[in-house]
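The values are calculated or read from the model by the stated rules, or taken from the named source; none is laboratory data. Just so it is clear, the model here is predicted, and its values are computed rather than measured. Reconstructed Cβ throughout: ideal geometry from the backbone, glycine too, with neighbour counts over all protein chains shown. Side chains are part of the model used for accessible areas, which takes the heavy atoms of the whole protein and leaves out ligands, DNA and RNA. Shrake-Rupley method; radii C 1.70, N 1.55, O 1.52, S 1.80 Å.
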Amino acid sequence: MLSNMDFINKELEDVRKRCIDDIPGSEIVACHPAAVRIRIVRTKYKRLEVCMQFQNKYPDEPIIIEIKSKTVPDKLKEGLTKICDEQAKTLLGKPQILHIAKFVQQFLADNPFSVCSEEVSFIKRELITEKDEIKMKQKSGVIVITIRETEYFMKFRLKVPDLYPEQQIVIENVENNFPDLFHKMFLAQTEEMARRCVQPPLRKKPKDPPFEPAPSLKKVASYLIDCLRNYPGSICPVCRERAFTPNPEHTVKDDTHGRYVVWVYCGHLFHKGCLDEFFKTPPFTGGKKCPSCQKRIYHDKWNITPKVAEDRWAHQEARRRELDEVVDFLQ
Ligand SMILES: [Zn+2]
Ligand SMILES: [Zn+2]
C-alpha cells in the first residue's frame, strides 16, 4: 500500500504537465501509481527508458529506478542506474520523478561516449601503454591519444559524432614526427576504414541483409595504433637494420637518397639503396620476392604513394567482397 496517495497523484499530474517541455526528447510511456515510464531519445542510438516505481513510504523513500535500452551498453546502464539511485536518495521528501528523468537526459547530452563506452574501455585497457597518453574530452566527445614507440610519436584526435555509430569516427592528426608519407598513409587508411563502417558497399545483391552501420571506434583505433607501434622498429630485409632512422630529426626526405625509406608493395619497408641493390642482384628468374614475406615485388611499382596504397586498399576490399559473395553462393 502506498501511504501518500495525495502526494503521488499530485506528482503524477505534474509529470504529465511538464515532462515533455522540461525534458527535451522525452515521451511518457506510462504514468500511474503502479509505474512511471519515461522514454528519452537523443539520437537513434542514444535512447532509453527510465522505469520508476514508488516504494511504500514514498517520497520518504527513494523511488526505485530501472533503466532499459537496447542501444546503450549494459555496463553503462548499470552505472547510470547507480548514480540515479544516489540522486534519488538526495531527494527524500520531495517529488523525484522529473528530477531523475532530467538527470538521465542531461547525462545523455553530456556524454557522447555513452554509445561507445565499451569500445573506449577496450582502447584504454588493450591499446594504451604507460608510455602513451589518453585524454577524454567528455563534453565534445573527443579522445586525444598520444602513442609513443621508440623515438617516434603521434598525437591524434578521435571525434565521436553525436549520431555515432551511424556517423563515422573522425580522425585528425595533431602532431607527429613520422616521415610524411607514413603519417598520411596511416590516416588515409584509417579514414577509409571508418568510412566503410557507415557506407554500404557499391555492389549489393538483393538477398543481402540491409546494410547496418557498424561501430568504427575500436576498429580504427586498433588499426592506427598498430601501425604506429609496428613501423618505427621495422627492419629492412636487405641490411637487417632498422628502416627508420633512430633519430626522427634525421629522417631522409630526398627520395633518391640511399637511406630513404621505401614502402614496398607487400607492406615491408626497405632502404632505397638496399632495394636498388636487391633488384640488381641475381637470381632474377621467377621475379624478385620480398625476403621477409616472399611476396613478389615489381620494380615499376615497388614504391607506395598514398594514391597507390588507397587503390590497393580499395582493390583488396573489392576482392574480399567478391570472395564473400562466392562463399554466399556456395552456402
Ligand atoms: Zn637496408
Ligand atoms: Zn614483404
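Estimate the FRET efficiency between Lys68 and Glu13 by the formula 1/(1 + (r/R0)^6), using the beta-carbon distance for r and 25 Å for R0, to the nearest 0.05.
Numbers: r = 25 Å, r/R0 = 0.98.
My answer for the efficiency is 0.50.
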How would you order 44-52, 189-197 from highest to lowest mean count of nearby Cβ atoms within 10 Å? 44-52, 189-197
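Can you figure out the FRET efficiency of Leu163 with Cys266, using R₀ = 41 Å and their beta-carbon distance, to the nearest 0.05?
Numbers: r = 38 Å, r/R0 = 0.93.
It comes to 0.60.
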Ignoring ligands, DNA and RNA, please state the percent of accessible area on region 5-110 from carbon and sulfur, probe 1.4 Å. 51
Could you work out the helix-only [θ] at 222 nm for the chain, with each DSSP H run of four or more residues adding -39,500 (n - 2.57) and the total divided by the number of residues, to the nearest 500 deg cm²/dmol? -12000 deg cm²/dmol
Taking Cα atoms only, helix 217-230 is inclined relative to the longest principal axis of the chain by an angle, in degrees rounded to 10, of 30
At 7 Å along the Cα-to-beta-carbon direction for both Asp21 and Cys239, put a label point, then send me their distance in nm to one decimal. 7.6
For region 5-110, just the Cα atoms, rotate onto the principal axes and tell me the three extents in Å, largest first. 38, 26, 22
Cut-off under 5 Å, modelled amide H: who pairs with Arg259 long-range: Gly273
Excluding ligands, DNA and RNA, the carbon-plus-sulfur percentage of the accessible area of region 131-237 with a 1.4 Å probe reads 55
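On average, how much accessible surface per residue is there in the chain, in Å², for a 1.4 Å probe, leaving out ligands, DNA and RNA?
Details: 18290 Å² over 331 residues.
Per-residue accessible area for the chain comes out at 55 Å².
How charged is the neighbourhood of Pro161? Take every other residue with its Cβ under 15 Å from the Cβ of Pro161, and add Lys/Arg as +1 and Asp/Glu as -1. Write down the numbers at each step before the final one.
Values: positive: Arg42, Lys44, Lys46, Lys137, Lys139, Arg157, Lys159, Arg195; negative: Glu119, Asp162, Glu166, Glu172, Glu191.
That works out to +3.
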Rounded to whole Hz, the Karplus (6.51, -1.76, 1.60) HN-Hα couplings of region 186-191, x for glycine and proline: 4, 5, 4, 5, 5, 4
Under-5 Å amide H pairs with Tyr58, H placed in peptide plane, nonlocal only: Ser3
Compactness of the chain - radius of gyration and Dmax, Cα, Å: 27.8, 96
Does region 73-224 come out rounded, prolate or oblate, given a ≥ b ≥ c as the square roots of the eigenvalues of its C-alpha gyration tensor, rounded meaning a/c under 1.5 and, failing that, prolate meaning a/b above b/c? oblate
Given R₀ = 41 Å, FRET efficiency for Asp226-Ala35 by Cβ-Cβ distance, to 0.05? 0.25
Once phi is turned into θ = phi - 60°, what whole-Hz ³J(HN,Hα) does the Karplus curve with 6.51, -1.76 and 1.60 give for every residue of region 261-273, x standing for Gly and Pro? 8, 10, 9, 7, 3, 6, x, 7, 9, 10, 6, 3, x
Once amide H atoms are placed 1.01 Å from N in the peptide plane, what residues at a sequence separation of 5 or more from Ile297, or on another chain, have their amide H within under 5 Å of its amide H? Lys288, Lys289, Cys290
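Sorted from largest to smallest, which semi-axis lengths in Å does the alpha carbon gyration tensor of region 162-255 give for its equivalent ellipsoid, taking the root of 5 times each eigenvalue?
Details: eigenvalues 239, 47, 24 Å².
Semi-axes (√(5λ), whole Å): 35, 15, 11.
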In order over region 75-87: 3J(HN,Hα) from phi, Karplus 6.51/-1.76/1.60, θ = phi - 60°, whole Hz, x for each Gly or Pro, gives 4, 5, 4, 4, x, 5, 4, 4, 5, 5, 4, 4, 4
Which of Lys46/Lys219; Lys70/Lys219; Lys82/Lys102; Lys46/Lys77; Lys57/Lys77 exceed 18 Å between C-alpha atoms? The answer is Lys46/Lys219; Lys70/Lys219; Lys57/Lys77
Residues of region 144-166 with backbone N under 19 Å of the label point set 7 Å from the Cα of Asn173 along Cα→Cβ are 144-159
